[in-house]
1. For the stretch A:81-131, which GluC sites (Glu not before Pro) pass both filters: DSSP loop (anything but H, G, I, E, B) and at most 16 other C-beta atoms within 10 Å?
2. Counting other C-beta atoms within 10 Å, which of A:Asp133, A:Asp463 has the fewest, and how do the rest follow?
3. State which entries of A:Lys230/A:Lys340; A:Lys185/A:Lys391; A:Lys305/A:Lys450; A:Lys390/A:Lys427; A:Lys90/A:Lys230; A:Lys152/A:Lys248 exceed 30 angstrom in Cα-Cα distance in the structure shown.
4. For a protection proxy built on the mean count of beta-carbon atoms within 10 angstrom, sort A:271-281, A:165-175 highest first, please.
5. Counting only other residues whose beta carbon sits under 9 Å from that of A:Arg311, what net charge do I get with K and R as +1, D and E as -1?
6. Which FRET efficiency value, to the nearest 0.05, is calculated for A:Gln399 and A:Thr114 with the Förster distance at 56 angstrom and r the Cβ-Cβ distance?
7. Using mean Cβ contacts within 10 Å as the protection proxy, how do A:247-255, A:218-226 order, highest first?
8. Ordered by packing density, taken as the mean number of other Cβ atoms within 10 Å over each peptide's residues, highest first, how do A:139-146, A:446-453 rank?
Amino acid sequence: MNPYDHRYADPDSYRQRRSDFVGPPPQMGGPPMISRSGPAPYGAPSASLPGRGSGVVSGSGPGVYPPVGRFDVGGGGGRGGDLDNISLPKQDFGNVVPFEKNFYIESPSVRAMTETEVMIFRSRKEITVEGHDIPKPIRMFHEANFPDVIAKLGFVEPTPIQAQGWPMALKGRDLIGIAETGSGKTLAYLMPALVHVIAQPRLVQGEGPIVLVLAPTRELAVQIQEEALKFGSRASIRSTCVYGGTPKGPQIRDLQRGVEIVIATPGRLIDMLEAQHTNLRRVTYLVLDEADRMLDMGFEPQIRKIIAQIRPDRQTLYWSATWPREVETLARQFLRNPYKVIVGSPDLKANQSINQVVEVVTETEKYNRMIKLLKEMMDGSRILIFVETKKGCDHVTRQLRMDGWPALSIHGDKNQAERDWVLAEFKSGRSPIMTATDVAARGLDVKDIKCVINYDFPSSLEDYVHRIGRTGRAGARGTAFTFFTHSNAKFARELVKILLEAGQVVNHTLSAMARSSTGGSGGNFRSRGRGGFANRGSISGSNTIPIGSKRQLW
DNA sequence: AAAAAAC
């Protein structure tokens, strides 16, 4: 029996409710209804995809796709910079009421583990731990001693990050959790979050959330909340998602009715705080998902602002698949005596169940190369194509459609209604090809993505790892094709390391580039990305390596 | 020489 189970003895007083933000609200003029009969024949689009409210496509071209391009520029105005100028009222945490955060009850079976058994378990699961007073890992779900109300969810064996992360998080300690994409990180922090909420005094009118989860994209925030709803509802724990590009009304309503868990993107949350639609005075469990991204230059000022609103004795948890050395110092500014748990190699690592194929090509060869790949692969399963810029993304999408491929694109210059719609089309398989910028690089869990194509190499190796991690999820296998040009030479060495570590065959042109490249780790994380010129001249000729045959690919 | 994140 868990000592905290008696709290919230009257779960009925919690009105469980689904948020209604999924799907384009009509007032936004979202993509209209789709009428289709049966799956689209590939290579010959017969689907009558809708035009958008105001911008119906001219009838020329193959099929009537929604226009490629941006629909919502101008309306939104500048995000980012402006946000950094907002200052929120300073909070006084001098006299806060203490709260409970240590809920871990070590099971007898866990206590019985000898140090040797613990070592063997950790080494077999490739778990590395740091910190003081580290709890033993659990081997079975029931050993976490979750409250009954959330314990009966049918789990048997926790994933490695959960096996070690749950006891750590349940102890109420700060935590840096690093594990590859698709390894169960969301539940690794959501389950302890539910336990945490159950043990806190009930919310009263005017109080903000107890748990705050921050995420770098709107789609990811929505996805996390879907999980929070799925598992929180059993314990009558309410959650909502606060993010931009969608009307504020419903979000304000949720916040004011009271929600124990808020999942948010930083901009809209700051907006809500400024307008005093909510406050963070009751937040005692803070999660940064994709934490390295949340702490990079674009986000850091906003994160600082938000964290300054939260009591310093909170529990703070960072999660990511990638954790560049350079963020650690900054990251620890917001942590107290944290644990660190790493699953797999502490180096930058890719998911082992992904076949990674890198081709060295020239810019002009990319498109035709991709078409060849698509022809080999296209059987209706999902293919995700990453392009570096929004403009490039539109360009590739337009080209694909003109050639008859059922492609839709998602990026940050499209309005949220279209982003939601495109993602839904891709998830359902109605539109099996999605082109995207890095808005889709992190965290998105779409089932059965057969293949990721990096049409452009990303601006960091962390992004590479996240992008290819959209395939090969939850134990399935996947393939990632990457076009690599001379201008990417500075990444060659590190890329080869990642490939070797994942047991991949490295093509010799890339090896040659790695040997002659001056590029080290790609520079400092916080200034990485742009700048730096490739080491040209050391590579001669165009060295396209033929891609493998079909059977080799999956 | 970028993406993302508010209105």
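Values in this text are rule-based calculations from the coordinates and carry no lab data. As the structure is a prediction and not an experimental result, all values here were calculated from the model. With ideal geometry, Cβ positions are generated from the backbone for all residues, glycine too; neighbour counts draw on all protein chains shown.
1. Working: sites: A:Glu100, A:Glu106, A:Glu115, A:Glu117, A:Glu126, A:Glu130; in loops: A:Glu100, A:Glu106, A:Glu126.
Filter output for the stretch A:81-131: A:Glu100, A:Glu126.
2. Working: A:Asp133 9, A:Asp463 20.
Listing A:Asp133, A:Asp463 from fewest to most nearby Cβ atoms yields A:Asp133, A:Asp463.
3. Details: A:Lys230/A:Lys340 28 Å; A:Lys185/A:Lys391 33 Å; A:Lys305/A:Lys450 40 Å; A:Lys390/A:Lys427 21 Å; A:Lys90/A:Lys230 35 Å; A:Lys152/A:Lys248 35 Å.
Flagged as over cut-off: A:Lys185/A:Lys391; A:Lys305/A:Lys450; A:Lys90/A:Lys230; A:Lys152/A:Lys248.
4. Working: A:271-281: 17.5, A:165-175: 24.9.
Per-residue mean Cβ counts within 10 Å order the peptides as A:165-175, A:271-281.
5. Working: positive: A:Arg281, A:Arg282, A:Arg314; negative: A:Asp313.
Net charge in that neighbourhood comes out at +2.
6. Values: r = 61 Å, r/R0 = 1.10.
E between A:Gln399 and A:Thr114, to the nearest 0.05, is 0.35.
7. Details: A:247-255: 16.6, A:218-226: 23.0.
Descending mean neighbour count gives A:218-226, A:247-255.
8. Details: A:139-146: 19.1, A:446-453: 20.6.
Put in order of decreasing packing, that is A:446-453, A:139-146.
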